[in-house]
Amino acid sequence: MAHADLLVGTSTADDAGVFRIAPDLALVQTVDFFTPIVDDAFQFGAIAAANALSDVYAMGGEPRTALNIACFPQKGVPFEILTDILRGGLAKAEEAGVVVVGGHTVIDEEIKFGMAVTGLVHPDRILRNVGARPGDALVLTKALGTGIVATALKRGAGSPAEHAAAIASMAALNAAAARVLGGFEVHACTDVTGFGLFGHAYEVAHGSGVRLALVAERLPLLPGARALAAAGHLTGGCQRNREWLAWDPQTSGGLLAAVPAATAPRVLDALAAAGVPAAAIGSVEARAGGAWVALR
């Protein structure tokens, strides 16, 4: 049902819904949860929370409250595991300044955890995954390869340092990146998660009526990701696609933003100053036909 105050709904597969509650204030609402990506319960909780919070940052919003969503077996797994998962989620929420106001747990044979998050944004400052313009530069705020490294970790491959780098990246909030981008003109923004860079780039391109041209040599990689991929530690999606790097499903990935090319160097400098290891990975082109996303 259409509503005059529904500013962002499901039509463009955006990262969150936005509903206006006052002329100068809107709610940003999202939910995300998934199965464990790492073995450590506390780390899993923190990563799942960072992943859910990211949707609000991608919309230009500030997350304020969260509800836990947990699935846990009735038998066979110590209850302390659930406690540690919730502790990890709470710690990450507190780092973001978000209040966990409650939640819900159901019995399930497979462990799952995540959050429903509510944030705030000014209706005139919403970032969307549509609106990219020909000539824009594409900026990515986290390295790629979490799916590859996580797959290797489950198979006992990769070094402790490579595992630690991937876990640190997944647990890192996109708060600093979002605040920096909020100080610049941004034509489109999304976070890179389960659909991989290619999948989310397609959504931006299709919704904006443009082509996104990615430069393969500019795509930032987590330590060890290239070697682990070459050794065959690929997710199912990667194995079905030649461009394994761009298709690698990300957990709690970075923000992908389309910004005016003239301001891109200043955006990158500001992100670096904020401790965000961003990279310019391509550009936006006019599209009269052909592929929506190109890897060159």
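The values are calculated or read from the model by the stated rules, or taken from the named source; none is laboratory data. Everything numeric in this text was worked out from a predicted model, so none of it was measured. When we count neighbours, we look across all protein chains shown, and the Cβ atoms used for this are built from the backbone with ideal geometry, even at glycine. The accessibility values were calculated without ligands, DNA or RNA, using every heavy atom of the protein model including side chains. Shrake-Rupley method; radii C 1.70, N 1.55, O 1.52, S 1.80 Å.
Checking the conditions here, which among THR10, THR30 is hydroxyl-bearing (Ser, Thr, Tyr) and not in a strand (DSSP E or B)?
Values: THR30 fails: not in a strand (DSSP E or B).
Just one listed residue meets the conditions, THR10.
The rows are residues; the columns are (1) among the acidic types (Asp, Glu); (2) modelled with pLDDT of 95 or more; (3) farther than 29 Å from ALA26 by Cα.
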| position | (1), (2), (3) |
| --- | --- |
| LYS75 | no, no, yes |
| GLY89 | no, yes, no |
| LYS92 | no, yes, no |
| VAL98 | no, yes, no |
| HIS104 | no, yes, no |
| ASP108 | yes, yes, yes |
| PHE113 | no, yes, no |
| THR118 | no, yes, no |
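Please tell me if PHE19 is free of Cβ contacts under 8 Å to residues at least 60 places away in the same chain and either charged (D, E, K, R) or in a helix (DSSP H, G or I) (or both). So PHE19 fails the test.
Could we say that ALA165 is among the hydrophobic types (A, V, I, L, M, F, W, C), in contact (Cβ under 8 Å) with a residue 40 or more places away in the chain, surrounded by fewer than 22 Cβ atoms within 10 Å (Cβ to Cβ) and touching a Pro at 6+ places or on another chain (Cβ under 7 Å) here? Write out each step before concluding.
Numbers: among the hydrophobic types (A, V, I, L, M, F, W, C): yes; in contact (Cβ under 8 Å) with a residue 40 or more places away in the chain: yes; surrounded by fewer than 22 Cβ atoms within 10 Å (Cβ to Cβ): yes; touching a Pro at 6+ places or on another chain (Cβ under 7 Å): yes.
Yes: the conditions hold for ALA165.
Listed by first and then second residue, the pairs linking a residue in segment 175-197 that is over 21 Å from LEU120 (Cβ atoms) and open to solvent by 30 Å² or more (accessible area, probe 1.4 Å) to a residue that is not in a helix (DSSP H, G or I) and not hydrophobic (A, V, I, L, M, F, W, C), with Cβ atoms under 6 Å apart and 6 or more places separating them unless they lie on different chains, are GLU185/PRO260; GLY194/PRO249.
Got a sec? Which of VAL31, VAL38 is under 18 Å from the mean Cα position of the chain (by Cα) and open to solvent by 70 Å² or more (accessible area, probe 1.4 Å)?
Details: VAL38 fails: open to solvent by 70 Å² or more (accessible area, probe 1.4 Å).
Going through VAL31, VAL38 in turn, the sole match is VAL31.
Where helices (runs of 4 or more DSSP H) fall wholly inside segment 233-296, the ranges with 3 or more residues that are at pLDDT 90 or above and closer than 11 Å to VAL139 by Cβ are 264-273.
Quick one: count up the residues across segment 70-96 that are within 13 Å of ALA50 (Cβ to Cβ) and open to solvent by 50 Å² or more (accessible area, probe 1.4 Å). So the count comes out to 3.
Among the residues of segment 192-216, just one is charged (D, E, K, R) and not in a helix (DSSP H, G or I), namely ARG211.
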